[in-house]
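Any read-out appearing in this document is the output of simple, stated calculations on the displayed coordinates, not a laboratory observation. None of these values were measured; they are calculated from a predicted model. Virtual Cβ from ideal backbone geometry, glycine too; neighbours counted across all protein chains shown.
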Amino acid sequence: MGYDAIVIGAGLAGLVATAEIADTGKKVLLLDQEPEASMGGQAYWSFGGLFLVDSPEQRRLGIKDSKELAWQDWLGAAGFDREDDEDYWGKKWSEAYVDFASGEKRTWLYNMGVRFFPVVGWAERGGGLADGHGNSVPRFHIVWGTGPGIVAPFEKRVREHIKNGLVEYLPRHRVDQLLTDDGAIVGVSGSVLAPSSAARGEDSNRDIVGNFEYRGQAVLVSSGGIGANHDLIRKNWPERLGEPPKQMISGVPAHVDGRMLSITEEAGGRIVNRDRMWHYTEGIKNWSPIWTKHGIRILPGPSSIWLDANGKRFQAPNFPGFDTMATLEAIKKTGHDYTWFILTQKIIEKEFALSGSEQNPDLTGKSIRKVLGRALPGPSGPVQAFMDKGEDFIIADNLKDLVNGMNKLTGENLLDYEDVERQIKARDNEIDNKFTKDLQVTALRGARNYIGDKLIRVAPPHKILDPKNGPLIAVRLNILSRKTLGGLQTDLSGQVLNEAGEKIPGLYAAGEASGFGGGGVHGYRALEGTFVGGCLFTGRVAGRAMAKN
C-alpha cells in the first residue's frame, strides 16, 4: 500500500508534521520503534519551556523585548563560523525561527489550547557581554501542563486522524533502511519488534518478530538525536571541550540512540556540525530512575557557590544558569567529570527547580493550589525527595562536616576544608555592602531587579556560613547528556540535502534529527526554550511542505 507521506518517529516533531499533513486530507503512515506508551517522545518529559519574544506574559512583567534584540542574542549565542557550508542553512533557519517566535508561534499554540505560566523564566543569562551568548531578557515561557501540555494538542489531532483513517500509526516498527529509486526516497523497510509492556520512557526490548516494507510519496525523519548513545557522543566530542567525559548520566531515554541519522546518511543525506552538542553541567542521579542512567537537571538560581572537583570556585561567566557551554569547557579542563554546589536552606527553597514534567507535578497537573504552595517555607516536594534520597546530596550543620561528607562521597579526598572555607568567607564578606567586586553577587542582585526572579527564583543575598541561613547543603553535579545541535542538513522546507548541497527527492527531516533546522539552527550554543520550540517549528514547516507535494 502506498502513502502520501511516511513519518519516522512519533515524538513532538513527528506528531506536528503528521497532523499538518493529515489536516490536508492526505494519508500518513506514522512509524515508531517504541511502544504506544511513549508517544510524544522526549518532549513529554520536558519542562515545557518555550522561547517567545515580546509576549503578553513578558509585557505584563515589564520586560521590554523585541525581534531585533532576540536576533542579536541568537547571533551572539550561535557564533556561526561555517556560513559558506555547514552553517549556511542553519543560520537561515535561525532567522526564520526568531521571526516565528516573535510572531505567530504563541497565537498558533494558544488557538490549540496551550496556556503559559505567568512568570517568565530567565535561562542562559549569558557570558557577560551584550553581543555575546545569552538572553538579554527573560524568554523562557513554561507551558501550563509542562511537556505533556505541549504534546497533548498534537497527539489529539493525530488520534483524530487515526480515527478518520488518514493516519495509520504503527508502534514497534523500527526502520532499518530508506528505500531509493533513481536517487529519490520512495519508502522504508525495517523490523517489527516484539510487543513490549514498557511504560513511557522505560527501556523496551529489541526482539525482532517480523519485517515490513512500505512505500510513500515522501518520507520524514523525525527520530531525535544521540543523547542516550554515550559512545557516539564521545566519538563526536569536540576537541575544544577537552577530553570526553568518562562518566555521564542521561537526560533522555535509551531509545534516543541516533540510529536513523546513520541510516539516512547511508541513503545520501548529509550530516553537518557533528561536533556541536548540548550537555548540562548540573545533572543529579535520579533516585527513582525510569531509564538507564537516568539523570535530572537542576535549573538553578544564581546564588549557589560553584566549585570544581578540586574545590576551586569557578570564575565568570561560569555561574549557575549563565553559560552552559563555557562551564562545560571549564569543567573538562579540571580533569574531572563532576563539580559541586554549596548552598543554604534559604537558597534551595527559592532557587532549586528540577527540569522534567515528572519533577513538577504542580505545573504538569495544572494545579493552581499546588503552585501556590511553592511560596510556602521549605523546598518543593520533588526537591525534598532528592535531599532525602538522592545520592548526590549532603546536608550538614557546619562547613567542616559538609566538606568531610563531600570527600567521603567521592572517595577522592580532593577538597581542603580550609581552602573551601576561605573562598566562601571571602564571598560572604562581599554581602555587607550593596556594591561589590564579586561578579556573582552583583549578578544575583541584578537578577532580583526582575520581579519574576525576586518572587520565585532568586533568594535574598545572604551569607552562606551564617548558621541562621542553614543547614548547609552540598550537591555533586554530574555531566548530563541531552541534545544534538548538529544533524541532517535541510533547506527551508525541511528537505534533506546531499553532500553536493542538492535536495534528495522525497526526503525530509525535522526536530533534533535536523539539528532543529538546517543541520544546526543553534550554532554552538542554545538560548533554551528552543529545543521543544525547534521541534514544533521544523515539524510544522516540513509537514506543510510535504502536504504540498
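Over all pairs of different C-alpha atoms, segment 434-498 has a mean inverse distance whose reciprocal, the Kirkwood radius, equals 16.6 Å. Quick one: Cα centre-to-centre distance for segment 482-549 and segment 155-177, in angstrom? Going from one Cα centre to the other spans 21 Å. When all alpha carbon pairs of segment 405-517 are counted in 5 Å bins from zero, the resulting P(r) reads 2, 9, 11, 11, 10, 9, 8, 8, 8, 8, 8, 5, 2, 0 %. Applying a DSSP loop filter and a limit of 14 other Cβ atoms within 10 Å to the GluC sites (Glu not before Pro) in segment 8-100 leaves E83.
For the charge dipole of segment 94-156, defined by +1 on Lys and Arg C-beta atoms and -1 on Asp and Glu C-beta atoms about the Cα centroid, which residue among T146, T107, H133 has the Cα displaced farthest towards the positive pole? Going by the Cα projections, it comes out as T146. Neighbours of A426, meaning other residues whose beta-carbon lies under 10 angstrom from its beta-carbon, give a summed charge of 0 when Lys and Arg score +1 and Asp and Glu score -1. Each semi-axis of the equivalent ellipsoid for segment 80-217 is √(5λ) with λ an eigenvalue of the Cα gyration tensor; in descending order they amount to 36, 24, 18 Å. Candidate cross-link partners of K454 among the aspartates and glutamates, defined by an alpha-carbon separation under 18 Å and a same-chain spacing of 8 or more, comprise E57, E124, E349, E351. Given the pairs K235/K483; K312/K389; K389/K483; K434/K463, which are separated by over 21 angstrom at their Cα positions? The answer is K312/K389; K389/K483. About the centre of its Cα atoms, segment 260-357 shows a dipole size close to 160 debye [charges on the beta carbon of Lys, Arg (+1) and Asp, Glu (-1) only; nearest 20 debye]. The C-alpha atoms of the chain define a longest principal axis, and helix 417-429 lies at about 90 degrees to it.
If you take the alpha carbon atoms of segment 255-377 and fit the smallest convex hull around them, that volume is 162 Å³ per residue. In the chain, inverting the average of 1/r over every pair of distinct C-alpha atoms gives 23.8 Å as the Kirkwood radius.
Compactness of segment 16-163 was expressed as the Cα radius of gyration divided by 2.2 N^0.38 Å, which yields 1.19. Across segment 153-160, coupling constants 3J(HN,Hα) worked out from phi with the 6.51/-1.76/1.60 Karplus curve, θ = phi - 60°, read x, 7, 4, 4, 4, 5, 5, 5 Hz, and Gly and Pro carry x. Around the Cα centre of the chain, unit charges on the Cβ atoms of Lys, Arg, Asp and Glu (plus for the first two, minus for the last two) sum to a dipole of about 1660 debye. Of the trypsin sites (Lys or Arg not before Pro) found in segment 36-102, those in coil by DSSP whose Cβ has at most 10 other Cβ atoms within 10 Å are K64. I want the local charge near R206. Using Cβ-Cβ distances under 13 Å, sum +1 for each Lys or Arg and -1 for each Asp or Glu among the other residues. Around R206, the charge tally is -2. Close amide-amide hydrogen proximity is noted between I142 and L50, F117, G121, each under 5 Å apart and 5 or more residues distant or on a separate chain (H modeled in the peptide plane; Pro and chain starts excluded).
Karplus-derived 3J(HN,Hα) values for segment 362-374, using 6.51 cos²θ - 1.76 cosθ + 1.60 with θ = phi - 60°, are 5, 6, 5, x, 6, 9, 4, 4, 5, 4, 4, x, 5 Hz; glycine and proline are entered as x. Of all DSSP-defined beta bridges confined to the chain, some 70% are antiparallel rather than parallel.
Run the numbers for N398 and L439: contour at 0.36 nm per residue of separation, minus the present Cα-Cα distance, in nm.
Gain in length upon complete extension: 12.2 nm.
Straight-line cross-link partners of K26 among the lysines, defined as a Cα under 25 Å from its Cα and at least 8 positions apart when in the same chain: K105, K156, K163, K503, K548. Computed over the alpha carbons of segment 147-204, Rg followed by Dmax gives 15.2, 43 Å. Around the amide H of L507, modelled in the peptide plane, lie the amide H atoms of I185, V219, V496, all under 5 Å away and 5 or more residues distant in sequence or on another chain. Sparse packing (at most 11 other Cβ atoms within 10 Å of the Cβ) combined with a DSSP loop state is found for the following trypsin sites (Lys or Arg not before Pro) in segment 447-549: K548. What do the square roots of 5 times the Cα gyration tensor eigenvalues come to for segment 12-101, in whole Å, largest first, as semi-axes of the equivalent ellipsoid? Ellipsoid half-lengths, sorted descending, are 30, 21, 14 Å. Charging the Cβ of each Asp and Glu at -1 and of each Lys and Arg at +1, and nothing else, the dipole of segment 1-63 about its Cα centre rounds to 180 debye.
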